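Visitor: Input: one structure, supplied below.
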Amino acid sequence: MGVFVNYACLFRLLLWANALTFITAVNIASDATELSGDRALNRPSSFISVPHAFQPDSFRQFLTLGLSDAFPEDMEGTENCLELLSIFGQRYVTLANCLVSYARPVKVCQNCYTDYNNFENIYKNISSDQSGPGNVSCQDSLLWSDRLMLLPSLYSGLRDIWESAACTNCLTAYQMNLSNETLNFLAKLNQSLICFDKYQQGNHSELCKKCKTAYKQLDELYSKMEGNKTLCIDIEDAMNMTRQLWSKNCSSPRKEMVPVIAVSSFMLFLPIIFYLSNYLHSEQKKRKLIHPKRAKSSHSLMNIQDKFS
Amino acid sequence: MANIAKKVSWSGKNDETRGERTPLLNGSEEVRYNRQLSGGPIFHIGRLSTVDLEEDIATEEDPVRSRPKEIPHNEKLLSLKYESLDYDNSENQLFLEEERRMSHMGFRCLEISRWVICGLIGVFTGLIACFIDIVVEKLAGVKYSVVKKNIEMFTEVGGLSISLLLWVVLNSAFVMVGAIIVTCFEPIAAGSGIPQIKCYLNGVKVPRVVRLKTLVVKVCGVICSVAGGLAVGKEGPMIHSGAVVAAGVSQGRSTSLKKDFKIFEYFRRDTEKRDFVSAGAAAGVSAAFGAPVGGVLFSLEEGASFWNQMLTWRIFFASMISTFTLNLVLSVYHNKTTELSSPGLINFGTFDLECVQYSLYEIPLFICMGAIGGLLGALFNLLNYWLTIFRIRYVHRPCLQVMEAMMVAAVTASVSFAMIYLSNDCKPLKMDNSEEYPLQLFCADGEYNAMATTFFNTPERSVRSLFHNPRGTYNLLTLGFFTLTYFFLACWTYGLMVSAGVFIPSLLIGAAWGRLFGVLLPNKTFIKPIWADPGKYALMGAAAQLGGIVRMTLSLTVILVEATGNVTYGFPIMLVLMTAKIVGDYFIEGLYDIHIKLQSVPFLHWEAPATSHWLTAREVMSSPVTCFNQLEKVGTIMDFLSNTATNHNGFPVIVQASGEQSGKLCGLILRSQLIVLLKHKVFVERAHSRLHQRKLQLKDFRDAYPRFPPIQSIHVSQDERECMMDLSEFMNPTPYTVPQETSLPRVFKLFRALGLRHLVVVDDVNKVVGLVTRKDLARYHMGKHGLEELHLAQM
């Protein structure tokens, strides 16, 4: 989208008066190609297409109509911004779709990163300082001009989800691809799951024996990644499920009840012996009483108590 | 009426004894002999100044009364080893001269140096707190990770009893080191140190309590005992450490290291030192809990009789500096230099904003919790009281004490292990988990044992997780068993010969049952669970339990409010502490008071015991009193001072008027002053013979402070024994006096408010009749059957 910004500046300088329609045309064209490209490349399972109400053209018309009714003089500036707005809408929907469809079991990081990148780009575009033609900054008109501030809150909602999922840990730099470590983990995970499936029907102890190596390797890899802080929600979730599966079948039993209890009760027995032997054998500490000298010796504790009795 | 009758009969007897030279008088023959030589008529001198009695010791010569009677140790004793601090300033001529010499600028400098000292106290206390914190963290980290690795290794293949033994051995080893250094090098460093500091601030000179050696042993000891996994905290010792730092820094030298920096010489006396010690204690509290105001109030609550505005402000300064230093150093250590986010050793963490509220309906619940805390606290104190008596009577040899401590450590470890082993409470691990050493044991992979978070952790961390972990982290059984075990472990641990505090264990017990309370509440009632946040109840339970055990009021409220950083809870915490104190006091005293009593310290409480107005100074005082003449023979003084049966500290100085038969009071001189005079041989004859002899200054007295040489180390030749000493220049010319009829509460008030050490009782013509000291007052206390008198004992 940086290209778009540069173009916009250039055109604004050269074709001040009559280039507006042309620019919007270019924009739409470029966006349209991008969108279709995204869909084709990265969404093997996109099951919902963008609803009709949000088709770019109708959406724009709808908005322009509404706004131009009220503020006809702002037309020039808003035209460009509305374009951005509609793109934002599309990408928001796409991303939300993707997130929802991969919610359970969690595979959002693996599948939605391109959508997220696109979504983030458009928001950055809107919020960049450079003003479009007509010297109007879309940042002001779209983001901060009303109390609701819908776009920022929509954006921050999705961004928070993305951050708490910690997807960046599983992706390469600039979130262009899945990282090697993640791919490696997914491969290992697959191995284990296949193994589990294979022995599911049979005896559980056999499953425990046969799949132990695969599972242990997976567990080690996971621990290593945990140490490196390269975990994202996908991996955590997958590991959790696997662990549950494993523990359901193969958990270590309490084998040593007797020795542990024996050692503990022996320890508990020690103090009893200790105190008892002290009581019996240690000589009791005595204190030598000293009689204070008082002016009146007969006046002592007994006198005090007499008085009170 | 009885009172009056008694007085009449007494005065009658008085005349009688005067006439017949009194079997009551129990002065040594030697003394009488001296007296005769000095020329006074026998009877009256006998009455006034035969041996005696400042610190109330019976002489062997008395055949009837001094047959030593031996009884087992109990709490109704006063020990002779404790003396008073000389808080009252001796305004002798040397002092006046020095004051005259001192310029206006000099006083300014003194004031500034007081501030500097307070700053230094804060800095050093903070640094010590950091040191303890970091070392404990490291050692405990090593220990727990070793044990954890071992447990993980043996969980599947079997052999967990080996892990148990490993844990036991590690714990015992740490505790053994801690117990050995305490028992062998400095037994006074045992325990939390708060009772000792309380006594010091009360005006009792507890031997060796503020020495450098004590500090070193205390710091190392507390590290060992916390790392050794005992049910103890490091907060109480921090207060003691702060006090020692203050006593050391303010003197500008270390007698132990024989290093004198030649600074702050003016502050080398008990008055100044004690003020600084209160600042040090405050700095200690503030470093321990991140509660500077709480620290100031702690000093105020424990040693408050001698306060003024400027001192309070200075103490506050020391507290703030201390918490800031701790904060700064720890944040540098944790690589968050600018954050300054760890103000205290214990960090309760801040409570979330949503759950800080409490509603009106909860107040009765809080009060109820306070009552429970008071009951449990009283039970704790009672058990600990019996245990302590047993320990004093039977477990008094160092090797036994070390063994006992090791045993407690071993049992703590094995009980904890058994609890963890048998627990079925598994919780899923979370990403932002606060548990540092989650143990899986028999839980499914990815889960941890909830019991292990309470036992397999340093106590501070356990408190924090009880306060802050969300609802559902612990199930009921876990909490119940934990409370029960930890209660007995903590009770058993306090009073061992290791340096360790009781704050954290109490908080932990309270937090556990408080949380239990909070978890049970929505189950059993129809209350909306929104406000029944278990963390909040954990906090209230912790406050109730701690209040029930130590019975502190104002300072504890503020400390808890500051440590949680939450003013909203001020009111409920106050209510809880009040209830806990009221309920607890009904059964037994606070833990610190019990230990002070069991150590037989002559501790003066705020008020004289009720219903003691009928006691007068005449009955309270010690009599007869050893007096010196203003011009006294060296031999006489030497004999008095070296008499091992009497370790009196203050001697009234009398002047013999020519016409009178006995002397009138003209001053008071202290043993320490006499020793310095004898050491420098300030005799009248020598002054005549050697004109160039340097005049004695106040500095000479300060240099000898605080460890005045014993009288045995001073040698006086036979010739010198015949010399005379002029005491008039050195004695305090205006000692406080009271007439014989003054009531006990009045005398008590003078003592408490002025910090007196000696109060001379005089008759209507200003003749010395007796002397009241701290022990004479402290022996009266309210028992179950009214006023009781404590015995004096040698120990």
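The values are calculated or read from the model by the stated rules, or taken from the named source; none is laboratory data. Because the structure is a prediction, the values reported are computed rather than measured. Glycine also receives a Cβ, built like all others from the backbone with ideal geometry; neighbour counts cover every protein chain displayed. For the accessible areas, the whole protein counts, side chains as well, though only heavy atoms, and no ligand, DNA or RNA atoms are used. Shrake-Rupley method; radii C 1.70, N 1.55, O 1.52, S 1.80 Å.
Visitor: Please report the relative contact order for chain B, taking Cα pairs under 8 Å with a sequence separation of at least 6, and give it as a percent rounded to a whole number. Each step should come with its number before you reach the end.
Guide: Working: 1476 pairs, mean separation 154.4, N = 795.
In percent, rounded to a whole number, it is 19.
Visitor: Using only the heavy atoms of the protein chains and a 1.4 Å probe, how would B:Glu265, A:Glu220 rank by accessible area, largest first?
Guide: Working: B:Glu265 45, A:Glu220 130 Å².
The most accessible residue leads, giving A:Glu220, B:Glu265.
Visitor: Tell me, what ³J(HN,Hα) does each residue in region B:323-332 have, in order and in whole Hz, if you take phi through Karplus 6.51 cos²θ - 1.76 cosθ + 1.60 with θ = phi - 60° and put x for Gly and Pro?
Guide: So the J values, rounded to whole Hz, are 5, 5, 4, 4, 4, 5, 5, 5, 6, 5.
Visitor: Residue by residue through region B:103-115, what is 3J(HN,Hα) from phi via Karplus (6.51 cos²θ - 1.76 cosθ + 1.60, θ = phi - 60°)? Round to whole Hz and write x for glycine and proline.
Guide: With the stated coefficients, region B:103-115 comes to 7, 4, 4, x, 5, 4, 4, 4, 4, 5, 5, 4, 5 Hz.
Visitor: Let a ≥ b ≥ c be the square roots of the eigenvalues of the Cα gyration tensor of chain B; is it rounded (a/c under 1.5), or, if not, prolate (a/b larger than b/c) or oblate?
Guide: On the way: a/c = 2.24, a/b = 1.95, b/c = 1.15.
In terms of gyration-tensor shape, prolate.
Visitor: Related question: Non-local amide H neighbours of B:Leu429 (under 5 Å, H modeled in plane, Pro and chain starts lacking H): which ones?
Guide: B:Glu447, B:Tyr448
Visitor: Could you give the distance between the Cα centres of region B:150-179 and region B:698-754, to the whole Å?
Guide: 58 Å
Visitor: Taking the Cα centre of region B:500-650 as the origin and placing charges on Cβ (Lys, Arg +1; Asp, Glu -1), which of B:Val519, B:Cys627, B:Ala500 is farthest toward the positive end of the dipole?
Guide: Positive-end residue among those listed: B:Val519.
Visitor: Moving on. Under the definition of partner shielding as Cβ atoms of other protein chains within 10 Å of a residue Cβ, what is the mean value for peptide A:260-273?
Guide: Working: counts 9, 4, 1, 9, 13, 2, 2, 12, 5, 1, 7, 6, 0, 1.
Across the residues of A:260-273, the mean count of other-chain Cβ atoms within 10 Å is 5.
Visitor: Say the dipole of chain B comes from +1 at the beta carbon of Lys and Arg and -1 at that of Asp and Glu; which of B:Cys426, B:Met540, B:Ile714 then lies farthest toward its positive end?
Guide: B:Ile714
Visitor: Label region B:365-494 by shape, choosing from rounded, prolate and oblate, from the square roots a ≥ b ≥ c of the eigenvalues of the Cα gyration tensor; if a/c is under 1.5 it is rounded, and otherwise prolate applies when a/b is larger than b/c, oblate when it is not. Numbers along the way, then the final one.
Guide: Working: a/c = 2.78, a/b = 1.53, b/c = 1.82.
Oblate, because a/c is 1.5 or more while a/b does not exceed b/c.
Visitor: Right, next: May I ask which residue of A:Phe185, A:Gln200, A:Tyr222 lies farthest towards the positive end of the charge dipole of region A:180-250, with charges of +1 (Lys, Arg) and -1 (Asp, Glu) on Cβ and the Cα centre as origin?
Guide: Positive-most Cα among the choices belongs to A:Gln200.
Visitor: Now for a separate question. Please sort by residue number the trypsin sites (Lys or Arg not before Pro) in region B:691-795 whose DSSP state is loop and whose Cβ has at most 12 other Cβ atoms within 10 Å.
Guide: B:Arg694, B:Lys695, B:Arg707, B:Lys784
Visitor: How much accessible area does A:Met176 have with a 1.4 Å probe, in Å² rounded to the nearest 10?
Guide: Looks like 120 Å² after rounding.
Visitor: Related question: Across the residues of A:230-240, average count of Cβ atoms on other protein chains within 10 Å? Let's see the in-between values first.
Guide: Values: counts 0, 1, 0, 1, 0, 0, 3, 0, 0, 2, 6.
The shielding value for this peptide is 1.
Visitor: With a 1.4 Å probe and every protein chain left in place, tell me how much accessible area B:Cys666 has, in Å² to the nearest 10.
Guide: Per-residue accessible area (B:Cys666): approximately 30 Å².
Visitor: Sticking with this structure for a sec: If you keep only loop residues by DSSP, which trypsin sites (Lys or Arg not before Pro) in region B:127-212 have at most 16 other Cβ atoms within 10 Å of their Cβ?
Guide: Numbers: sites: B:Lys138, B:Lys143, B:Lys148, B:Lys149, B:Lys198, B:Lys205, B:Arg208, B:Arg211; in loops: B:Arg208, B:Arg211.
Loop-located and lightly packed - B:Arg208.
Visitor: Taking each residue in B:151-164, count the Cβ atoms of any other chain within 10 Å of its Cβ, then average. What number comes out? Don't skip to the answer; put the middle values down first.
Guide: Working: counts 0, 0, 0, 1, 4, 2, 2, 4, 3, 7, 8, 3, 1, 6.
Mean partner-chain Cβ count within 10 Å for B:151-164: 3.
Visitor: Sticking with this structure for a sec: From the phi of every residue in region B:76-90, what ³J(HN,Hα) in whole Hz does the Karplus formula 6.51 cos²θ - 1.76 cosθ + 1.60 yield, where θ is phi - 60° and glycine or proline is x?
Guide: With coefficients 6.51, -1.76 and 1.60, one gets 9, 9, 10, 8, 7, 6, 8, 10, 8, 7, 8, 6, 6, 6, 8 Hz.
Visitor: Taking the Cα centre of region B:211-318 as the origin, how large is its charge dipole in debye, to the nearest 20, when only Lys and Arg (+1) and Asp and Glu (-1) carry charge on their Cβ atoms?
Guide: Details: 13 positive and 8 negative charges, 110 e Å.
Dipole magnitude for region B:211-318 comes out near 520 debye.
Visitor: Let me ask something else about it. Heads up, I need the accessible area for B:Asp726: 1.4 angstrom probe, whole protein in place, Å², nearest 10.
Guide: 70 Å²
Visitor: Among the trypsin sites (Lys or Arg not before Pro) within region B:258-303, which fall in a DSSP loop and have no more than 14 other Cβ atoms within 10 Å of their own Cβ? Don't skip to the end; give the middle numbers.
Guide: On the way: sites: B:Lys258, B:Lys259, B:Lys262, B:Arg268, B:Arg269, B:Lys273, B:Arg274; in loops: B:Lys258, B:Lys262, B:Arg268, B:Arg269.
For trypsin sites (Lys or Arg not before Pro) across region B:258-303 that sit outside H, G, I, E and B with at most 14 neighbouring Cβ atoms in 10 Å, the list reads B:Lys258, B:Lys262.
Visitor: With a 1.4 Å probe on protein heavy atoms only, work out how much accessible surface B and A bury together, total over both chains, in Å² to the nearest 100. Write out the running numbers ahead of the final one.
Guide: On the way: alone 33760 and 20840 Å², together 48330 Å².
Separately minus together, B and A give about 6300 Å² buried.
Visitor: Using a 1.4 angstrom probe on the protein heavy atoms only, line up B:Met406, B:Met497 by accessible area, largest first.
Guide: Working: B:Met406 55, B:Met497 35 Å².
The most accessible residue leads, giving B:Met406, B:Met497.
Visitor: Continuing with this model, one more query. Taking all protein chains together and a probe of 1.4 Å, list B:Asp533, B:Asp719, B:Asp703, A:Asp140 from the most accessible to the least accessible. Kindly include the intermediate steps, with their values, before the conclusion.
Guide: Numbers: B:Asp533 40, B:Asp719 125, B:Asp703 65, A:Asp140 90 Å².
Reading off the accessible areas and sorting them downward yields B:Asp719, A:Asp140, B:Asp703, B:Asp533.
Visitor: Leaving ligands, DNA and RNA out of it, report the carbon-plus-sulfur percent of the accessible area of region B:74-149 at a 1.4 Å probe. Please list the in-between numbers first.
Guide: On the way: 2270 of 3620 Å².
Roughly 63 percent of what the probe reaches on region B:74-149 is carbon or sulfur.
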